[in-house]
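The next block holds one structure in the form of structure tokens; read it before the comments.
Readers should treat all values here as calculations from the given coordinates under stated rules, not as data from a laboratory. In this text, all values refer to a predicted model and were calculated from it rather than measured experimentally. Because the Cβ atoms are built from the backbone with ideal geometry, glycine has one as well, and the counts that use them run over all protein chains shown.
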Amino acid sequence: MDLADSFAIGFSVILGWKPLLIITAGVIVGILAGAMPGLSPSTAVALLVPFSYTMSPALALILLTSIYIASNYGGSITAVLINTPGTPSAAVTAMDGYPLTQQGKAGKGLGTALVASTIGGAVGVAILILFAVPLARIALKFSPADYFALALFGLATVASMSRGNVLKSMIAILFGLIIKTIGIDPISGVSRFTFNNDLLYDGFTLIPALIGLFAVSVVFAKFETWTGVGRTMDKIDNKLPSLAEFMKIKFTILRSSIIGTIIGIFPGAGATIAAFISYDMSKRASKEPEKFGHGSLEGVAAAESANSSSVGGALVPLLALGIPGSATDAVLLGAFMLHDLVPGPMLFQNNPEIVYGIFSALIVANIIMLLLGLYGNRLFIKVVSVPEGIMYPLILAIAIIGSFAVSGSMFDVAACIGFGVIGWLFKRYGFPVAPIVLGIVLGKMVEENFRRAVMMDGYGVFYRDKLALIVLLVALFSFIWPLYKSWRHHRISKGGEKEPETV
Amino acid sequence: MEYFSEGTGLVIWFFLVFLAGCGTVLAFRFSKKKDYAGQAIIPTMMIAFSLLLWAITFSFPSEEAGPAVLPRLWIFWSVLLAGLLLLFCFMGKTDKDPESGRFGFLLTGIILTIVYFFAIEILGYFISSFLFLAILMYLLSYRKPLVVIIVCTGWVLFSYIIFYKLLYIQLPLGLIEDFI
């Protein structure tokens, strides 16, 4: 059966008011769940799995995948408006999205995030449709050494988050990496840095740390600079980016979409790593890299298109081989089994209506997400006009409940507050907090794969495995090059004056 | 070093590191480099934190690619780079401290948040959230009673309906539990 026939079957599944209503409902739930800190895409999908039980398998999976693809966009809404990433990958969006809001350009931030998400999602789905089976086979050939190299490449992106102070960024990322070692070692089962406290056996969860570092720290910083008079941001530009602005960032969106899809294919890599890496690569390729971190539309576009396209990538190993690539994929795998389906090569042959129904639904879900987002942005932006005296207490309330919602533990709430204080302290003295998140996200992937690689093949594996060696060298280069450029720029701008150098 | 990795030895090590850290910051504060005392806080804390954890790694099993390898690697680089930054602070080759802010108000906000944290367990999430929002809005100079009540009530209702009822997140009920 050729692709056209398969798509004809797929679209026939979703044409009708009921499937379209289900897709719309899935997109709305996905956006709302993604926007709410503490509710991850996997939580949103998991919560609706029971509701999907009475539906036909095709409609059930269409609902759940619509939630999945919309939730990554949803995370960008709160990231841009109140610097509270709704999903971990939206932390990268916040780096440029929130400065845009502070400049009164919330409309541009949200509009760029929406369009980048839509295009990213579409590219991810297109690659999924065309290359699912061969890509899945390649991904599974990656050894632990290759994964370690990929994770280290992700760590090398710290140089792009430095805003001129690489030393402080590296200290921040090392803090995140050290934090991630707290808890039970997943390989040997040894308890590390837990001080015999069972609350620390699982270490610190990502989401409370993320909410604390990004949202709570902003509120504490506001307390420090509080003038006694609450302001309202009255000059809010809710205009979307112009066509000319979009044309400027088209290559960023396309490049980041492809990067995001490729990274999403690797089990365990995920949207967050995709967002960080594509942000870094976009900054290097940009004609205005100095704007990154200060409200660059390219920065927002790079992060959002990558995290949305990674959904298509993550579905590649799931649909083609039955291997979940992310937590959300694991929940989707459960949903497949609930409906008596086994994802893998046979699914394409025996149930093409399911597979191509999902593909068709993802295309339509992207379009519905775009339409809902265009309308919804006008409402979302009104959040920014809420008086500070109301907004900041509500941000703290959202942070607290979002942290608690992760696992129903007050320890996560305490961690969120603690990271909020750390985030305030770091920001006060010029340390970026995004590298801490990067360290926490990548720490486990770096360590587990490094140790597995060494246990299997010894330390020599990192130069025997050609792919790992190449990626490690690229990572080293991508880390050193910005340092060299920064040093050279500093030497040129100093021009022989004898003033002390700023590090 | 294994003596300092747990028990009494660890406590001693903690105090030694803590005193060294305080001494470093105070040395900056009362020297010609007092404009960099704040910048020295984070690298000093990182070094102290790293040294504390480094001592603990001696209680881990020592094996090739074991549980101590990566923590020690991160700790090594952390001490090295934080030490480098501390040196730059001492030489005046880094940014000066930012201007002082309203630390008193900040401390009040943090303490209020911590009190809210403990109040959630005692009074329950809904009562403590209502009170926390109302008090914080008052402190942030928002004093329209009707709006404050609407916002606080609205948030409590939202969190009850969405989180407690719809998402089955078992928010602590505290005092309300006795009446249910």
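The Cα-based radius of gyration of the range A:238-295, divided by its Kirkwood radius, gives an Rg/Rh of 1.03. Here the calculated FRET efficiency for A:Asn350 and A:Ala4, from their Cβ-Cβ distance with R0 = 22 Å, stands at 0.65, rounded to the nearest 0.05. Distance between the pseudo-spin-label points of B:Lys34 and A:Arg464 (7 Å out from Cα toward the beta carbon): 6.2 nm.
For the range A:107-166 versus the range B:1-74, the inter-centroid distance based on Cα atoms is 36 Å.
Could you estimate the translational diffusion coefficient of the range B:141-180 from the Stokes-Einstein equation, with Rh from the Kirkwood formula over C-alpha pairs, at 20 °C and 1.002 mPa s, in whole µm²/s? Value of D from the Cα-based Kirkwood radius: 184 µm²/s. In terms of overall dimensions, the C-alpha atoms belonging to the range B:103-179 reach 38, 26, 22 Å along their principal axes, ordered largest to smallest. Computed over the alpha carbons of the protein assembly as shown, Rg followed by Dmax gives 25.1, 80 Å. Remark: spin-label model distance A:Arg137-B:Ser62 equals 4.8 nm, labels positioned 7 Å along the Cα→Cβ axis.
Here's the picture: charge each Lys and Arg Cβ at +1 and each Asp and Glu Cβ at -1 in chain A, and of A:Phe220, A:Ser56, A:Ala269 the one pushed furthest to the positive end of that dipole is A:Phe220.
Beta carbons within 10 angstrom, averaged per residue: use that to sort the peptides A:324-335, A:190-201, highest first.
Ranked from most to least packed, the peptides come out as A:324-335, A:190-201.
Ranked by the mean number of other Cβ atoms within 10 Å per residue, highest first, peptides A:171-181, A:50-60 order as A:171-181, A:50-60. Note on A:418-429: average number of Cβ atoms from other chains within 10 Å of each residue's Cβ is 3.
Computed from the Cβ-Cβ distance with R0 of 22 Å, the FRET efficiency linking A:Val190 to B:Leu80 stands at 0.30.
Under the rule a/c < 1.5 gives rounded, and otherwise a/b versus b/c splits prolate from oblate, where does the range A:1-143 land using the Cα gyration tensor? Prolate is the answer for the range A:1-143, as a/c is 1.5 or above and a/b outweighs b/c.
For the range A:339-409, the spread of Cα positions along the three principal axes, ordered from largest to smallest, is 59, 36, 15 Å. Mean partner shielding of peptide A:168-174, defined as the number of other chain Cβ atoms within 10 Å of each residue Cβ, is 6.
Seen from every direction in turn and averaged, the convex hull around the alpha carbons of the range A:287-364 projects onto 6.8 nm². Relative to the Cα centre, the charge distribution of the range B:57-167, modelled as +1 at Lys and Arg Cβ and -1 at Asp and Glu Cβ, gives a dipole magnitude of about 500 debye. Shown here is the pair-distance distribution of chain B: with all Cα-Cα distances grouped in 5 Å bins from zero up to the longest one, the shares run 1, 7, 10, 11, 10, 9, 9, 11, 13, 11, 6, 2, 0, 0 percent. When the alpha carbon gyration tensor of the range B:2-91 is reduced to an equivalent ellipsoid, the three semi-axes, largest first, read 28, 16, 6 Å.
Database remark: amide H of A:Arg192 closer than 5 angstrom to the amide H of A:Gly183, A:Ile184, A:Asp185 (H placed geometrically; neighbours at sequence offset of 5 or more, or on other chains; Pro and chain starts carry no H). Per residue of A:400-407, other chain Cβ atoms within 10 Å of the residue Cβ number 5 on average. Length gained on full extension, A:Val383 to A:Asp457: 21.2 nm, using 0.36 nm per residue less the C-alpha separation. Secondary-structure-derived ellipticity at 222 nm for chain A, considering helices only, amounts to -24000 deg cm²/dmol, per-run term -39500 (n - 2.57) for DSSP H runs with n ≥ 4.
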